[in-house]
Amino acid sequence: MNVTDPKARKLHIVTHGCQMNVYDSARMADVLAPLGYAPVDTPEAADMVIMNTCHIRERAAEKVFSALGRLRDLKDATGGEMMIAVTGCVAQAEGEIILKRAPYVDLVVGPQAYHRLPELIAQVHRAKKSVIDTDFPVAPKFDFLPDAAAPQGVIANLTIQEGCDKFCSFCVVPYTRGAEASRPAASVLAEARRMVAQGAREIVLLGQNVNAYHGEAPDGGSWDLARLLYALAEIPGVSRLRYTTSHPSDMTEALILAHRDNPRLMPFLHLPVQSGSDKILSAMNRKHKADDFRRIVARLREVRPDMAFTSDFIIGHPGETDADFAATMALVRETGFALAYSFNYSPRPGTPAAGLAQIPEEVKNARLYELQAELRRQQDAFNAATVGLSTPVLFTGLGRHAGQLAGRSLYAQPVVVDCPTALTGEIHQVKITHANPNSLLGILEKKELIAA
Ligand code: SAM
Ligand code: SF4
């Protein structure tokens, strides 16, 4: 690696997994920018490649090792000069194992140590050997990371909470991301203001358990998520607010009412339920029952009738019988989702459910197939129901083809509109003319601006 000419340093970050990793990757680029690292689009052009990884399911973790194999060839082609770092949840969970399986990796850094990257890179150069940092510091990393620098565009993600104390039987997050920690409200508001100054109009608050947010209030005390959302809505230029991912147990009445009373908060909620069977929810240590989920959905629909829901499901958790799966299908049919993510249970080393008797793969596959067919049908029905309606669309940029603009509906559906004018960052009324499986087509209905 070229250490004599800092300006020549080039950084490529590969991001796997959730939106929080996307946010973390941007923060790592910010941490490394003062060292002269400029982002490049390909690993071939880079002096340093960071693989920011996901450990949530086995397949996600295995992807890291095959990608590392490919990076090794690139490193060899540079005579070993290219630096390779593994960050994220695989780094945290696998630590030393990464260096055993891929000894050409220079750095293994857990999600709580990104602010120490400059020091760790210097250590690699000094010691001429690989370095691991997977410590959980006493103070959360929010206290150390620099302010977000690079603009994200019209829709900006903002991490406000990290970690989890819930210990669901299947999940690695409490082990890889550590204890639940909320960022002080003043620092969230300051980052949101900067995002707006850089062109953001929609802010998506992120956290593994975002609705458990309890950050220090600007005047002492603490704010919950509902209070934070009201303060964010007052920032001039903030047109839309969303938050993800929420846990049913933390869906307070105040937060439910915010969907009615906060005009910037979208009528849309991602609320993972995982299963419709109380027996399985209890085995999962979820701390909520299927009826709690039903009550939250009903109450939100009562206060905000146009509310739409998305969710996550795990199929084939140890102990799941045909009757338990039928309870999940019943809950899905009854709720009606705009979209949902569903996964076969994947045993994760060190988590309680991994040690239990497992459901055969073919049983899991058959159930997942049935669930996904129903979810697909619901998603298609949800999208089809928008055809003919007039709906506000926030334009995010140019579409793929000339003369097209891309935007998002109230429900975060991608919308493509034939329109020669540059309306990026503005909200206009669009008549939906066609629904594709994952996007909508429309025509600009009213030229006048709803919000900018
Ligand atoms: N905190 C959120 C919650 O409580 O629902 C979810 C966070 S998790 C990062 C995202 C999703 O991954 C979960 O909702 C779950 O459906 C899925 N997931 C987590 N662990 C899994 C496992 N071991 N096997 C399959 N899916 C898993
Ligand atoms: Fe994982 Fe979410 Fe459960 Fe926490 S609440 S352990 S992040 S699934």
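Values in this text are rule-based calculations from the coordinates and carry no lab data. Fair warning: this is a prediction, and the values are worked out from it, not measured in the lab. Heads up, the Cβs are rebuilt from the backbone with ideal geometry, glycines too, and the neighbour counts pull from every protein chain shown.
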Below 9 angstrom from the Cβ of MET20, what's the summed charge of the other residues (Lys, Arg +1; Asp, Glu -1)? -1
Can you find, among ALA200, HIS288, LEU232, the residue farthest towards the positive end of the dipole of the chain? Put +1 on the C-beta of Lys and Arg, -1 on that of Asp and Glu. ALA200
Could you check the spin-label model distance between ASN365 and VAL387? Points 7 Å from the Cα along Cα→Cβ, value in nm. 3.4
Relative to the Cα centre, what is the charge dipole magnitude of the range 298-415, using +1 at the beta carbon of each Lys and Arg, -1 at the beta carbon of each Asp and Glu, and rounding to the nearest 20 debye? 500
Nearest-5 percent of antiparallel DSSP beta bridges in the range 168-320? 25
About the Cα centre of the chain, what is the dipole size in debye to 20, counting +1 per Lys and Arg Cβ and -1 per Asp and Glu Cβ, all else neutral? 360
State whether the chain is rounded, prolate or oblate according to the following rule on the C-alpha gyration tensor (a ≥ b ≥ c being the square roots of its eigenvalues): a/c under 1.5 gives rounded; otherwise a/b larger than b/c gives prolate, and the remaining case gives oblate. oblate
Which of the listed residues, SER409, GLN19, PRO174, is farthest toward the dipole's positive end in the chain, when Lys, Arg count +1 and Asp, Glu count -1 at the beta-carbon? SER409
Any cysteine of the chain lacking a neighbouring Cys Cβ under 4.7 Å - listed by number: CYS18, CYS54, CYS89, CYS164, CYS419
MET51 neighbourhood, Cβ < 11 Å, K/R = +1, D/E = -1, net charge +2
Could you work out the helix-only [θ] at 222 nm for the chain, with each DSSP H run of four or more residues adding -39,500 (n - 2.57) and the total divided by the number of residues, to the nearest 500 deg cm²/dmol? -10500 deg cm²/dmol
To the nearest 20 Debye, how big is the dipole of the range 165-221 about its Cα centre, given +1 on the beta carbon of each Lys and Arg and -1 on that of each Asp and Glu? 200
Going down the list LYS10/LYS128; LYS63/LYS128; LYS287/LYS364; LYS364/LYS431; LYS63/LYS129, which pairs span over 30 Å between their C-alpha atoms? LYS364/LYS431
Counting only DSSP beta bridges with both residues in the chain, tell me the antiparallel percent, nearest 5. 35
Is the shape of the range 29-86 best called rounded, prolate or oblate, per the rule: a/c under 1.5 gives rounded, else a/b larger than b/c gives prolate, else oblate, with a ≥ b ≥ c the square roots of the Cα gyration tensor eigenvalues? oblate
Classify the range 63-105 from the C-alpha gyration tensor, please: rounded if a/c falls under 1.5, else prolate or oblate depending on whether a/b exceeds b/c. prolate
